[in-house]
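See structure below.
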Amino acid sequence: MKTRPLPRRRGWKTCKADEARATFERSYDPVGAMRAAYAEDDVRAAQLELERLGCDTGPVNGAFTTETEASLRAFQRDHGLRPHGALDARTKAALAASAASAARRTTR
């Protein structure tokens, strides 16, 4: 993630808040935060559904990898969702609906 340089004003000294913000911006990893926030079972279920729909998620192991994120982005883009790569409620519902329609097609 690219970090933006702190704005410097002529004649102003940096304060502790500016230094803290710079440290936070350098250490903040939103994808890493997402990876840690998902339950392993939810990720595994999403990976299985994406695999059934023909997406390459990498190994189906419940770990939110970059391949899983890329597959989620592609699925979201194809289904009219905002392609952010996160496993949110709308994406879970769309995955469930796609899996249900795929199951109905195979049983006919």
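What to note about this one:
- Index of the failed condition, Leu48 passing every other in (1) at pLDDT 90 or above; (2) crowded, with 16+ Cβ neighbours inside 10 Å: (2)
- Residues that are over 19 Å from Ala39 (Cβ atoms) and among the hydroxyl-bearing types (Ser, Thr, Tyr) within segment 67-108 comprise Ser98, Ser101, Thr106, Thr107, listed in sequence order.
So that you can scan it fast, the table gives a plain yes or no per residue for (1) of a type in the set (Gly, Ala, Ser); (2) touching a Leu at 6+ places or on another chain (Cβ under 8 Å); (3) modelled with pLDDT under 65:
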{"site": "Pro5", "(1), (2), (3)": "no, no, yes"}
{"site": "Ala22", "(1), (2), (3)": "yes, yes, yes"}
{"site": "Ser27", "(1), (2), (3)": "yes, no, yes"}
{"site": "His84", "(1), (2), (3)": "no, no, no"}
{"site": "Leu87", "(1), (2), (3)": "no, yes, no"}
{"site": "Thr91", "(1), (2), (3)": "no, yes, no"}
{"site": "Ala97", "(1), (2), (3)": "yes, no, no"}
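- Summed over segment 54-91, residues that are exposed (fewer than 15 other Cβ atoms within 10 Å of the Cβ), of a type in the set (Lys, Arg) and part of a helix (DSSP H, G or I) total 2.
The values are calculated or read from the model by the stated rules, or taken from the named source; none is laboratory data. On a predicted model such as this, the values are computed, not experimentally measured, just so you know. Reconstructed Cβ throughout: ideal geometry from the backbone, glycine too, with neighbour counts over all protein chains shown.
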